[in-house]
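Peer 1: Have a look at the structure that comes next, please.
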Amino acid sequence: MKVKEKSTSKALAVAILSTFLCVAMLFGTTYAWFTSNVTTGTNTISTAAFNVSLQYCDTYNGSYSDLMTDSSVLFDNVTLKPGESTDVMYIKITNSNDYAVNASVSVGTVTTSDGGTNEMLLASATNVTAAKTFEDSDFTGTTLAAATILNSVSIAANSSTVVAIAVLLPTTATAPGVTNSFTITVGATQQSAS
């Protein structure tokens, strides 16, 4: 009987081991069916270049000069008598991008000499397509002071827009000999993708 007992134990051990191996192989095969790893190559995303240029001219169809230098001025040493206005100046904003941008042109810092009163009025027009003449009524209500000339105007891809501006000293001016100095700020931002 000892031989029979030894062979039953051996058969039982082989059966248990075989069952364990079958279960392990079944689990391994099932795991392989439901799992997978894939790795892509290196992904590169770049931001678009931003290219907006500014030029200015004192005639609409004239030769525009670069306004991108710090020393550029539109109105230089202009003296106005009451009722007179400056010549119309034109600012061309060119969008050289393949996407639309929003542009804004505004009067920045205004300084008035000798503590005088700023009485000068501002007139502006956006999206100008020909020479512009401002009438006295165009200057109504917009004092030369941190006033927005053009705010968030859309410029299509690879195109430009022209802004016309002028300054008037009204006939009602009461502060002779006052000098007003001001800066013009032009900003542009990329339009949000929709």
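Read the figures in this text as sums done on the coordinates, not as results from a lab. Keep in mind that what you see is a predicted model, and the values were worked out from it rather than measured. Please note: Cβ atoms are built from the backbone with ideal geometry, for glycine as well, and neighbour counts cover all protein chains shown.
Peer 1: Out of 53, 96, 137, any idea which swings most in a Gaussian network model of the chain, alpha carbons joined below 10 Å?
Peer 2: 137
Peer 1: Applying the Karplus parametrisation 6.51 cos²θ - 1.76 cosθ + 1.60 with θ = phi - 60° to the phi angles of the range 97-103, what ³J(HN,Hα) value in whole Hz is obtained for each residue in order, glycine and proline being reported as x?
Peer 2: After applying 6.51 cos²θ - 1.76 cosθ + 1.60, I find 9, 9, 9, 6, 10, 9, 10 Hz.
Peer 1: Expressed in nm to one decimal, what extension gain is obtained for the pair residue 191 and residue 9 from 0.36 nm per residue of sequence separation less their Cα-Cα distance?
Peer 2: Working: separation 182, 0.36 × 182 = 65.52 nm, distance 8.11 nm.
That pair, residue 191 and residue 9, stretches by 57.4 nm at full extension.
Peer 1: With the crude spin-label approximation of a point 7 Å out along Cα→Cβ, what separation in nm comes out for residue 60 versus residue 136?
Peer 2: The two pseudo-label positions are separated by 2.4 nm.
Peer 1: Also, quick follow-up: At a Förster radius of 22 Å, what calculated FRET efficiency corresponds to the Cβ-Cβ distance of residue 159 and residue 183, to the nearest 0.05? Present the calculation step by step, with values, prior to reporting the outcome.
Peer 2: Details: r = 26 Å, r/R0 = 1.20.
FRET efficiency, residue 159 to residue 183: 0.25.
Peer 1: Same structure again: Positive end of the charge dipole of the chain (Lys, Arg +1 and Asp, Glu -1 on Cβ, about the Cα centre): tell me which of 179, 93, 109 has its Cα farthest that way.
Peer 2: 93
Peer 1: Could you work out how far apart the two model spin labels at residue 143 and residue 43 are, taking each label as a point 7 Å from the Cα in the direction of the beta carbon, and quote it in nm?
Peer 2: Placing both labels 7 Å along Cα→Cβ, they lie 5.5 nm apart.
Peer 1: Sticking with the crude label model, points 7 Å out along Cα→Cβ, report the distance from residue 18 to residue 174 in nm, one decimal please.
Peer 2: Inter-label distance under the simple model: 11.7 nm.
Peer 1: I need the peptides 119-126, 41-48 ranked by packing, meaning the mean over residues of other C-beta atoms within 10 angstrom, with the highest value on top. Provide the component values of the computation, followed by the final result.
Peer 2: Details: 119-126: 20.4, 41-48: 5.4.
So the peptides 119-126, 41-48, ranked by packing, come out 119-126, 41-48.
Peer 1: Taking Cα extents along the principal axes in Å as the quantity of interest, determine which of (1) 42, 37, 36; (2) 48, 39, 34; (3) 134, 38, 29 was computed from the displayed structure.
Peer 2: Only one listed value fits the structure, namely (3).
Peer 1: Additional query: Treating the angle as unsigned and between 0 and 90°, give the value, to the nearest 10°, between the Cα long axis of helix 2-34 and the longest Cα principal axis of the chain.
Peer 2: Once rounded, one gets 20 degrees.
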